[in-house]
Amino acid sequence: MEINQFFVNLPVKDVAKTREFWLQLGFKTNDEMSDDRSVCVVLKENANYLMFLAEEYFQTFSEKPLPKEGTQFLLAIALNTREEVDQLVNKAVEQGATQHEETQDHGFMYQNSFWDINGFGWNVIFSDVSKAPVQDNLYH
């Protein structure tokens, strides 16, 4: 089985501020799927989307209570180059995010990260699998 689109739904206190943050990072929004209660951020056209929903609106989709203070969301996105990774994290920090961890360079994988204005954690990576170390197959 293979999905054709992927949506991540996250609760936020301020939809307008969240929309502006992601626009400043260079992402587009899908205005047909956005309103004053939600913003749909396009990560990859026709494939991957972030749905930031006002907390009250988010609650209409689940009978479970909103996560309490301290609950973490750690999400990972992959970009095409190391430079793009650092550019995105630097832009995020300029727009009010905070640096999460120091950059990590594993040779085949490069990672930088930030906590966004809503407290969600973003691991931003570039990887070149052709440079990954060869490992024994764990199943043999």
Residue in region 47-56 that is loosely packed, with under 14 Cβ neighbours inside 10 Å, farther than 20 Å from Gly121 by Cβ and either modelled with pLDDT of 95 or more or among the acidic types (Asp, Glu) (or both) present: yes
Residue list for region 97-115, restricted to those being surrounded by 14 or more Cβ atoms within 10 Å (Cβ to Cβ) and within 27 Å of Val134 (Cα to Cα): Thr103, Met109, Tyr110, Gln111, Asn112, Ser113
Filter result for Phe21 (in contact with a Pro (Cβ under 7 Å, 6 or more places away or on another chain), over 30 Å from Pro133 (Cα atoms) and not acidic (Asp, Glu)): no
Checking Thr81 against (1) open to solvent by 40 Å² or more (accessible area, probe 1.4 Å); (2) touching a Lys or Arg at 6+ places or on another chain (Cβ under 9 Å); (3) at pLDDT 95 or above, the condition it does not meet: (2)
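The values are calculated or read from the model by the stated rules, or taken from the named source; none is laboratory data. Everything quoted here is computed from the prediction, not taken from an experiment. All Cβ positions, glycine included, derive from the backbone under ideal geometry; neighbour counts span all protein chains shown. Accessible surface areas use protein heavy atoms only, side chains included; no ligands, DNA or RNA. Shrake-Rupley method; radii C 1.70, N 1.55, O 1.52, S 1.80 Å.
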